[in-house]
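Structure first, commentary second.
The values are calculated or read from the model by the stated rules, or taken from the named source; none is laboratory data. Predicted, not measured: the structure shown is a model, and the values here were computed from it. Here the Cβ positions follow ideal geometry from the backbone for every residue, glycine too, while neighbour counts run over all protein chains shown.
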Amino acid sequence: IGTPDYMAPEQVSGRRGDVRTDIYSLGVILYEMLTGHLPHSGPNVYNVMRAKTAEDPQPPSAFKPDLDPHLEEIILHAIERSPRDRYASAAEMLADLRDPSRVVPKGRAQNLHPRSLTLQRARRTAGYVLFFTSLIGIFVFLIWLANRYPASPTPPRRSYRGQVR
């Protein structure tokens with residue numbers, strides 16, 4: 001299948017790749033060559049694979065501030081999460097790499113929103129706390145309602161001979 005650090009998100013999701021999958025891998029290699037870092041990192045392979053399908057990478061300029069914005073645009077175009085947003089062919093990417101100045105920066109680096117694992121865990125924990133607090137509130141409300149409007153007393157039952165039980 002491939003080395004997880006260089007796998008495209010569609011491969012991580014179990015789908016077949018095409019030429020754009022290879023373009024993604026090439027984009028990761030360029031990213032790493034220019035910054036010394038991988039676009040997605042984590043404590044283990046599973047976190048890296050999850051990040052590829054759910055998180056945006058750090059812009060290369062976060063690691064190398066003097067990076068040419070045209071080159072950064074090429075790299076980010078190559079490692080787009082969705083294959084339809086990447087270069088359609090290696091020839092198209094090669095043309096941009098030969099003359100990066102012709103690439104119009106589209107602001108990909110400014111539109112990235114990398115999320116830290118800590119922030120995601122905090123949001124998930126807050127969601128659980130809210131859910132269980134709501135559940136407890138519903139039970140308290142139902143108990144209050146039951147005490148406020150008690151059930152009416154049942155009339156005494158008579159036996160088959162007319163005697164009250």
Practice item. Determine, yes or no, whether residue 107 is of a type in the set (Gly, Ala, Ser), surrounded by 10 or more Cβ atoms within 10 Å (Cβ to Cβ), farther than 20 Å from residue 22 by Cα and not assigned by TED's automatic domain parsing to the domain that holds residue 61. Key: no
Check your understanding: Can you pull out the residues in the stretch 79-125 that are modelled with pLDDT under 90, out of contact with any Leu (no Cβ under 9 Å at 6 or more places or on another chain) and among the aliphatic types (A, V, I, L, M)?
Key -> 104, 117, 119, 122
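Taking the stretch 1-18, which residues are under 21 Å from residue 89 (Cβ atoms) and loosely packed, with under 14 Cβ neighbours inside 10 Å?
The initial filter retains those residues of the stretch 1-18 that are under 21 Å from residue 89 (Cβ atoms), namely 2, 6-11, 15-18.
2, 15, 16, 18 - these are the residues of the stretch 1-18 that are under 21 Å from residue 89 (Cβ atoms) and loosely packed, with under 14 Cβ neighbours inside 10 Å.
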Check your understanding: residue 98 passes all but one of (1) closer than 17 Å to residue 4 by Cβ; (2) surrounded by fewer than 14 Cβ atoms within 10 Å (Cβ to Cβ); which number fails?
Key -> (1)
Practice item. Keeping to the stretch 30-58, report how many residues are at pLDDT 90 or above, of a type outside the set (Phe, Trp, Tyr) and surrounded by 15 or more Cβ atoms within 10 Å (Cβ to Cβ). Key: 7
**Study point:** Residue check for residue 28: within 21 Å of residue 72 (Cβ to Cβ) and over 17 Å from the mean Cα position of the chain (by Cα)
**Key:** yes
